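Q: Structure below; questions to follow.
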Amino acid sequence: MNVLHEMVSYGHERVAFHQDPATGLRAIIAIHSTVLGNALGGTRRWCYANEGEALFDVLRLSEGMTYKAAAADLAMGGAKSIILMPKSDHQPTEAEARAMGRFVDTMNGAYIAAEDVGVSPQFCDWMAMETKHVMGGNTVSHGGDPSPYTALGCFNSMKACLAHLGKKVDFSNLTVGIQGVGATGYRLAKLLRQAGAAVLVTDVHVPTVKRAVEELGCVALGNDRNLFTEKVDILAPCALGGVLDAKTIEGLKCGIVCGTANNQLRVPDSDGALLTKRGILYSPDFVANAGGLIRLAGLYLGLTEAQIDKKIDQIEGTTSAVLKEAASMPSTAAAAVTYAKRKIAAGAKKPQLAGAR
């Protein structure tokens, strides 16, 4: 993969690679845009098949963070970082986290790290021992686990989808299928169960599924059933990205797709258009899952708790606005990108604060 070519293609400002001989850390930070402000984005620990797969992931994730912040009216840019794990069961350590913290610190605040897949509040606090440019910890840094806010924002987005289709905003007679009941998926399932929905769940991690069944009353799908071909009212992808492609979309039996996962569409343009062709309403992921970013960015920007809560509530209105705009566009995914780019263009005309906080 030609890194500079891909940077130009996606519109990135900076992509930095790093390796730490003492800990074996191998990591990448991708800053997509700082037009609206310093860029906040999670650090993902994952065992990638190869370096090309890792680079593809961090480039798409960081681009999505730019659009996510813009669509949510946050004075933040978009970035992401990844740690390439040597094997899938490689355990996080303080030494690894601190090495990552030192890498983050070389960005001088242009990038603010946070929690993502494979990273806990403890890991964030370890990183924060080496840099002040970290959110999401409980002691050394602050912000804590953002997943409850991500789940709440997605739930709000589901309300907008129902209203857009002219349906009653009532979950009591609905069936929702959740792929991935980890941090955000479990909390989304809890909100849905409290609202009266029947919830089908699947996850590669068996104990996670068991927890959702025993604690929330969800129904686990057996190995002989595929959630992406189950008849449900709403499908919520809440694991990793790229799960919606030409093959899976053709088999969908749902009216709405709205989940917390990033980059749900494997090929955004064609897959978004295919969903529209099939009459399936897609809530663009970076609009629906913005709650966690709003929480941490809000704290970073000095917003009050009431202001942060209001912004998470506004995800419902943002979803509605994007879905309405999509009527004259190829897909809701395309409408969401246009919506975010319009916000970025408007923000670029305003004077921005330079430097790190």
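Every number here is computed from the coordinates shown, using simple stated rules; none is lab data. What you are looking at is a predicted structure, and each value in this text was computed from that prediction instead of being measured. Please note: Cβ atoms are built from the backbone with ideal geometry, for glycine as well, and neighbour counts cover all protein chains shown.
Q: Could you tell me the relative contact order of the chain? Use alpha-carbon pairs under 8 Å, at least six residues apart, and round to a whole percent.
A: 17 percent
Q: Mind putting a number on the dipole of region 27-126 about its Cα centre? Charges go on the C-beta only, +1 for Lys and Arg and -1 for Asp and Glu, and I need it in Debye to the nearest 20.
A: Value, rounded to 20: 100 debye.
Q: Here is a further query. Working from Cα positions, state the angle (0 to 90°, nearest 10) between the long axis of helix 291-301 and the longest principal axis of the chain.
A: 30 degrees
Q: Continuing with this model, one more query. Tabulate in residue order the Karplus-calculated ³J(HN,Hα) for region 254-260, using 6.51 cos²θ - 1.76 cosθ + 1.60 with θ = phi - 60°, rounded to whole Hz; enter x for Gly and Pro.
A: 10, x, 9, 10, 8, x, 9
Q: What FRET efficiency, computed as 1/(1 + (r/R0)^6) with R0 = 35 Å and r the Cβ-Cβ distance, is obtained for Val219 and Glu325, rounded to the nearest 0.05?
A: Working: r = 36 Å, r/R0 = 1.02.
Working from the Cβ atoms, E equals 0.45.
Q: On to the next question. Got a sec? Charge dipole of the chain, +1 on Cβ for Lys and Arg, -1 for Asp and Glu; which of Ala334, Thr184, Asn223 is way out at the positive end?
A: Going by the Cα projections, it comes out as Ala334.
Q: Sticking with this one: I'd like to compare 216-223, 94-101: which one has the highest average count of other Cβ atoms within 10 Å, and what's the full order after that?
A: 94-101, 216-223
Q: Taking a quarter of the surface of the Cα convex hull of region 51-110, what do you get in nm²?
A: Taking a quarter of the hull surface, the average projection is 5.2 nm².
Q: Where nothing but the Cβ of Lys and Arg (+1) and of Asp and Glu (-1) is charged, how large is the charge dipole of region 1-82 around its Cα centre, in debye to the nearest 20?
A: Magnitude of the dipole: close to 160 debye.
Q: With angles folded into 0 to 90 degrees, how steeply does helix 183-194 sit against the dominant principal axis of the chain? Use alpha carbons for both and round to 10.
A: It works out to around 30 degrees.
Q: Rounded to the nearest 20 debye, what is the charge dipole size of the chain about its Cα centre when +1 sits on each Lys and Arg Cβ and -1 on each Asp and Glu Cβ? Mind showing how you got there, number by number?
A: Values: 36 positive and 34 negative charges, 166 e Å.
Once rounded to the nearest 20, the dipole reads 800 debye.
Q: For the pair Lys231 and Arg102, how long in nm is the line joining their label points, each one 7 Å along Cα→Cβ?
A: In this crude spin-label approximation the distance works out to 5.9 nm.
Q: Pulled fully out, how much extra length does the chain show between Arg266 and Cys47, if you take 0.36 nm times their separation in residues and subtract their Cα-Cα distance?
A: Roughly 76.9 nm would be gained on extension.
Q: I would also like to ask the following. Dipole of region 253-351 (Lys/Arg Cβ +1, Asp/Glu Cβ -1, origin at the Cα centre): which of Leu274, Leu301, Cys258 lies farthest to the positive side?
A: Toward the positive end, the furthest listed residue is Leu274.
Q: Say each of Glu6 and Gln19 gets a label point 7 Å from the Cα, pointing the same way as Cα to Cβ; how far apart are those two points in nm?
A: Result: 1.7 nm between the two label points.
Q: Is it possible to state the helix-based mean residue ellipticity at 222 nm for the chain, with each DSSP H run of 4+ residues giving -39500 (n - 2.57), the sum divided by total residues, to the nearest 500 deg cm²/dmol? What is it?
A: Estimated from H runs of four or more residues: -13500 deg cm²/dmol.
Q: Shifting gears a bit: Once label points are set 7 Å from the Cα along Cα→Cβ at both Lys247 and Lys87, what is their separation, rounded to one decimal in nm?
A: Placing both labels 7 Å along Cα→Cβ, they lie 2.9 nm apart.
Q: How tilted is helix 315-325 with respect to the longest principal axis of the chain? Cα atoms for both, answer in degrees (0 to 90, nearest 10).
A: Roughly 70 degrees between the two axes.
Q: Under the definition of Cα pairs under 8 Å and six or more residues apart, what whole-number percent is the relative contact order of region 1-77?
A: That works out to 32 percent.
Q: Spelling out what I want: for every residue of region 71-83, take phi, set θ = phi - 60°, compute 6.51 cos²θ - 1.76 cosθ + 1.60 (Karplus), and round to whole Hz; glycine and proline get x.
A: Karplus-based 3J(HN,Hα) across region 71-83 equals 5, 8, 6, 9, 7, 9, x, x, 7, 7, 9, 10, 10 Hz.
Q: Considering the options Leu165, Gly144, Trp126, tell which one lies farthest towards the positive end of the dipole of region 116-226, charges being +1 on Lys and Arg and -1 on Asp and Glu at the Cβ, about the Cα centre.
A: Looking along the dipole axis, the top candidate is Leu165.
Q: Could I ask something else about it? Give the share of C-alpha pairs in each 10 angstrom bin for region 133-228, from 0 to the last occupied bin, in whole percents, shortest bins first.
A: Histogram of Cα-Cα distances, whole percents per bin: 16, 41, 29, 13, 2.
Q: Mind jotting down the distance between the C-alpha centroids of region 258-321 and region 68-102, whole Å?
A: So the separation of the two Cα centres works out to 20 Å.
Q: Which of Gln122, Gln307, Gln264 moves the most in a Gaussian network model of the chain with Cα springs under 10 Å?
A: Gln307
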